[in-house]
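Step one of this worksheet: look at the structure below.
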Amino acid sequence: MLLVGRFARASGGSSFGGDEFTERVLRWERQGNRVLLRSLTFEITADSALPVYQAVSEATYPPVVAVFKVAAYGPDSSAVIDVTSLYTTNVPEFVGVRGSFDEKRSFIEKVSAFPDNVEVEATQTFTPENPPDSQRGLGPIPAQSVLAHWSMIRLPVRPMMPRLADKRLSFNEVRQTDFGTPEQRSVTRSYITRWRLEKKFPDSAMSVPVRPIVYYVDPATPKQWIPWIKKGVEDWQPAFAAAGFRRAIIARDAPSSSVDPEWSPDDVRYTVVRWLPSTTENAEGPHVHDPRTGEILNGSIRLFHNVLNLARDWYFTQAAPLDSRAERLPLPDSLMGRLLEYVVAHEVGHTLGFQHNMKASSTYPVDSLRSISWLERMGDTPTLMDYARFNYVAQPEDHIPAELLIPRVGPYDMFATKWGYTPLGARTPDAERAILNNWAEQQDSVPWLRYSVSGNHDADFGDETEAVGDADAVKATGLGLRNIRRTVPLLLAATQRPGEDNSQLSELYGRLLDQWALEMGHVVAIVGGSSAQEKYGDQPGPRFTPLPAVRQRAAVEFLAANAFRTPDYFIDNSVLDRIEPEGTLRRISGTQSRVLSDLLDTDRLNRLVEYRVLTKNSTNTYTLGEMLLDVRHAVWTELSAEHVTIDPFRRSLQRAYLAQADGKLNSSPAAVIVIGGTRPPRGSGSNSDVRALMRGELVDLDSSLRDALGRTSDRTTRLHILDARAEIKRILDPKS
């Protein structure tokens, strides 16, 4: 049986109704006049007919959760036991709280029994082990109570045939280590997580399912959002049509108590879109699955109330110049509902078994994102499971309809759903592999069917979050910056309302700066980046190919012109004078420093060293030495001027540069012991050319600073140069 524990009611703060606190597989065993409850795992396995199965069994002895005496026998000799203590005492596998458990104030509230599951609710009372600071020092810590709900459901008597996972597709997986294979090693077999969908009419190309996937809408949901939530669920119907199913996924209102008094959103038989009264700006789409096969049994979604605020801010910062409805807050319900639909559809994708596919946004040409015909046919990203958000590449003169600015189910979603859910009629997972492999190889010729490459260690330039059009991030970010410039003047009119303070203005200004940094980060990813495609078997070509030198140089040139020059369009006194008495320098300089830190990330620098060794054509290599020289010139441009003056924003950026250099030369991360010796951990430059080249840059910089002293008449600039030289001396010789 699968045990799933969730809070029906909680005290708020860190826990809410619907939060899951336990999930495990249990087995009841009768031994004479006792019944044992054990906790099972399926992580290692072997064919029971093989001798090694005995060793596997001995290594997976299931622990005992509880022991019960048989209290009575039913008419069919079935054992009757009292399980109250599982829910009202401190049984670790069942308890929903962390702290000092009070059994005297914990009791059963409700029990419901069904053919395949038992539902139990109990109040559990405890004293928190980590009380909030506001309660410390005020005497005894008050107790808290939760109403916990446990679903104990019998796993399918006829397990679903699993489908073998493939790293070229974005499914979540269950993994089992098989010790019974003929290979000379243990083999990890992974199965995708998916719902059991079977055609009612198996011989039909298109059929309704025997049992559709049904999502109920939490009755506590604000009424104006219910239609949009339902649309977000049923947006996936075209994807299931690609797998041969009609109306495979549907949304329903939760039944009233008069219609179904036993219905509960906490019952694991029902998948529910829950609305939670939380200031958390997020939504989640977890799922519960059979660990033996990956069959999804429940996919309840959690919408935290303030995800509305997050979606609103995203849309304003990315699309306000493109949609007049976004130029003033609050957004109209028709627009806010559409944004919520998008959020829900993304989370539904997770409950269908899909992981994020951040690579997708880099597979469309940038110019296509400004074409109405392309967007109508393909959308602005191939999948809802990317973090692509809204189409900030489009320009006002493109006259893109607002509906086409928002992601929807795309070609990758159709492809992946077909791959994971189409019934193939095979009797074993291995018998399906040939067909599934042929489908996966369509990625060779159709780039927007590709998924993030495993083990890319952040080197894939296109595997970026919050990106649109990052196939050419320089071009896409250039277009995005135009829209950011257009958005700054909209801030005041969007947020000012009679009788309200300036908190929304401050929030949106900060979000707009964050958007600027995100887009700059997509350009940074080109430097030391690779293009990547997951390959299996005899698929031709490499998995990773370093980007050409010309693209990497162009990225650094773009950053020099746009990220490291002060973005003066953010210095709008009509906005800043209402936010705070000071802090503009800190805000803008801090954001620039984030971009610089990302660009000088040690892993990125180490890749540049390695790519020089691996690339046979040296003219196609952007070396680490070239990159560091270009960055130094970009950050310290003023030093070459006839009359040297450095403004406060640039001085702050230059101090950040020296701090980065200090970290490269003087940090001493511990080495990691490996077979054959030691190696520095990822992120360390101690065993590469990074230290030597960065030291050389500081020596050359010190020389430039010395020469610039005679060309400045500005006292603050002169003192800044002297301070920088002193800092360089300390970095190069910290013991002095």
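For the chain, relative contact order (Cα pairs under 8 Å, six or more residues apart, normalised by length) works out to 8 percent.
In summary, the aspartates and glutamates within cross-link reach of Lys69, defined as a Cα separation below 18 angstrom excluding same-chain residues under 8 places away, comprise Glu29, Asp82.
With the highest mean first, a sort of the peptides 431-443, 457-469 on other beta-carbon atoms found within 10 angstrom per residue produces 457-469, 431-443. I need the Kirkwood Rh of the range 160-312: take the reciprocal of the average 1/r across all distinct C-alpha pairs and report it in angstrom. Its Kirkwood hydrodynamic radius stands at 17.7 Å.
Full extension of the chain between Asp203 and Val91 gives 35.3 nm of extra length, using 0.36 nm per residue less the Cα-Cα distance.
Building the convex hull from the alpha-carbon atoms of the range 530-633 and averaging its projection over directions returns 9.3 nm².
Note on Asp458 and Arg246: the model spin-label points, each 7 Å out from Cα along the C-beta direction, lie 5.0 nm apart.
Considering the range 19-70 at the alpha-carbon level, its Rg and Dmax are found to be 13.8, 43 Å. The lysines within cross-link reach of Lys418, meaning a Cα-to-Cα straight distance under 20 Å and a gap of 8 or more places when in the same chain, are Lys167, Lys199, Lys200, Lys359, Lys535.
Relative contact order of the range 383-527: 28 percent, from C-alpha pairs under 8 Å at least 6 residues apart in sequence. Once both labels are positioned 7 Å from their Cα atoms along Cα-to-Cβ, the gap between Asn309 and Lys616 label points is 5.8 nm. Within the same chain, lysines fewer than 8 places from Lys735 are excluded, and of the rest, those with a Cα less than 20 Å from its Cα are Lys664.
Mean silhouette area of the range 366-407, derived from the convex hull of its C-alpha atoms and averaged over all directions, reads 2.6 nm². Rounded to the nearest 0.05, the FRET efficiency derived from the C-beta distance between Glu403 and Asp514 at R0 = 25 Å is 0.45. Extension gain, Ser324 to Ser703, is 131.1 nm, computed as 0.36 nm per intervening residue step minus the present C-alpha separation.
With R₀ fixed at 22 Å, the C-beta to C-beta distance from Ala143 to Asn282 puts the FRET efficiency at about 0.15.
Counted residue by residue at 0.36 nm each, then reduced by the alpha carbon distance between them, the extension gain from Val80 to Lys110 reaches 8.9 nm. The alpha carbons of the range 311-416 occupy a box of 37, 28, 18 Å along the principal axes, longest dimension given first.
Peptide packing for 344-354, 167-177 was compared via the average number of neighbouring C-beta atoms within 10 Å per residue; ordered from the highest value, the list is 344-354, 167-177. Amide H contacts under 5 Å for Ile249: Ile213, restricted to partners 5 or more places along the chain or on a different chain, H placed in the peptide plane at 1.01 Å from N. For the chain, taking the reciprocal of the average inverse distance between every pair of different Cα atoms yields a Kirkwood hydrodynamic radius of 29.6 Å. The label-point distance for Thr60 and Thr22, in a model that sets each label 7 Å from Cα toward Cβ, rounds to 2.2 nm.
Need one word for the range 2-154: rounded, prolate or oblate. Basis is the Cα gyration tensor (sqrt eigenvalues a ≥ b ≥ c); a/c below 1.5 gives rounded, then a/b vs b/c decides. Prolate shape, in that a/c is at least 1.5 and a/b is the bigger ratio.
With the highest mean first, a sort of the peptides 74-87, 498-511, 651-664, 408-421 on other beta-carbon atoms found within 10 angstrom per residue produces 408-421, 651-664, 498-511, 74-87.
In the frame of its principal axes, the range 600-736 has Cα extents of 58, 39, 22 Å, reported largest first.
Every read-out reported here was derived from the displayed coordinates using simple, explicitly stated rules and does not represent laboratory data. Quick caveat, the model's predicted, so the values are computed rather than measured. Glycine also receives a Cβ, built like all others from the backbone with ideal geometry; neighbour counts cover every protein chain displayed.
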